[in-house]
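Each remark here refers to the structure printed beneath this line.
Since every read-out is calculated from the coordinates, none of them should be taken as a lab result. Please read all numbers here as calculations on a predicted model, not as lab measurements. A quick note on method: Cβ atoms are made from the backbone with ideal geometry, for glycine too, and the neighbour counts reach across all protein chains shown.
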Amino acid sequence: MKNTGKILFVLFCNVFAIHAEAQNPIIKDIFTADPAPLVHKGTLYLYTGHDVATQEDTNYKMADWHVFSTTNMKDWKDHGAPLSPSTFSWATGDAYAAQCIERDGKFYWFVSTFHKKDEVSQGGAAIGVAVSDSPIGPFKDAIGKALIINEMTTDMKYGWDDIDPTVFIDDDGQAYMFWGNGSCKWVKLNKNMIEVDGEITTFKPKNYIEGPWVYKRKGLYYLVYASAGTKPEMIEYCTAKSITGPWKYQGIIQENVQNSFTTHPGIIDYKGKSYFFYHNGSLPTGGSYRRSICVDYMHYNKDGTIQKIIQTNEGVGLVK
């Protein structure tokens, strides 16, 4: 009996130690979703959505967008919510996925929300852009109107297809925005980052649902997205030798997440390692409408393809 007691005590201590070391989810005091990392001057900034639905709610309630930062991948500083749909006079509804990008010393935060029904639009999802001189704000509406409205895209016959913008600046300085639910859309942006340049192109990568993330690594372009590989969502991806395609389907890199119908990729290199941000519903009382952001390591094969993401409770290690 004494030996049994000692064994149980050791097992308890080991379980407690593992729990104490668990990093994921990385933000534990509020529910966060749709991660978008940005590195600027040695600091990693994380732009997130904010779920405020109750446990009884059966749909999303997303109040605003938050900013967090870290210099060691372990300690996260909360910079509050410098942006919400109310920042935009034309907007109504919830704070869907967004991404912030820096250009020429200014920070452009591309967001998806919904448009008021007025003389400009009959409503539906829309994309706006806010601007700041600092990665943590204050942010203001950069143009006083939506950058993309539902009437500009007609391939999907519903009102919520213009969501989840991701923005990328190529080596030649040309900026591109990708977005969309049901189909993936892209358009060039002018150098001022607040005007579209040319026609919108629409295409459908294999199993694409929503939440694209576009970036370039070692001459190869990546389009990573939430997919219908199974139900609920997984993360799949394509690669291309040109930002405009053609895109080659490469497969699934993240399986279903814990306790959430959706997942959403955010990918960045920082201090010599590659990181994959996503959300799940693993916090106490969490779920599909009360999500939480996690981060795990991302690894590439020699040919540039992405290895399967291993989801962990421990998260990633300390960096200096």
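How tilted is helix 2-21 with respect to the longest principal axis of the chain? Cα atoms for both, answer in degrees (0 to 90, nearest 10). Rounded to the nearest ten degrees, it is 20. Taking 16 Å as the straight-line reach from the Cα of K271, the aspartates and glutamates in range (excluding those fewer than 8 positions away in the same chain) are D75, D296. In plain terms, the chain from I169 to V39 could stretch by 45.4 nm, reckoned as 0.36 nm per residue minus the Cα-Cα distance. In the structure shown, the pairs K241/K302; K117/K185; K216/K308; K61/K241; K41/K204 are assessed against 27 Å; a Cα-Cα span above that value is assigned to K61/K241; K41/K204. Here the chain is assigned +1 on the Cβ of each Lys and Arg and -1 on the Cβ of each Asp and Glu. Its dipole about the Cα centre then comes out at about 1040 debye.
Restricting the stretch 273-309 to trypsin sites (Lys or Arg not before Pro) that sit in a DSSP loop and have at most 14 other Cβ atoms within 10 Å of their own Cβ leaves K302, K308. A Stokes-Einstein calculation at 20 °C with viscosity 1.002 mPa s, built on the Kirkwood radius of the stretch 153-196 over Cα pairs, returns a diffusion coefficient of 191 µm²/s.
Computed over the chain, the Cα gyration tensor eigenvalues convert (square root of 5λ each) into semi-axes of 33, 22, 20 Å, ordered from largest to smallest. Taking a sphere under 11 Å around the Cβ of A98 and counting the other residues whose Cβ falls inside, with K and R at +1 and D and E at -1, yields a net charge of -3.
On the basis of the beta-carbon distance and an R0 of 25 Å, N72 and Q307 show a calculated FRET efficiency of 0.55.
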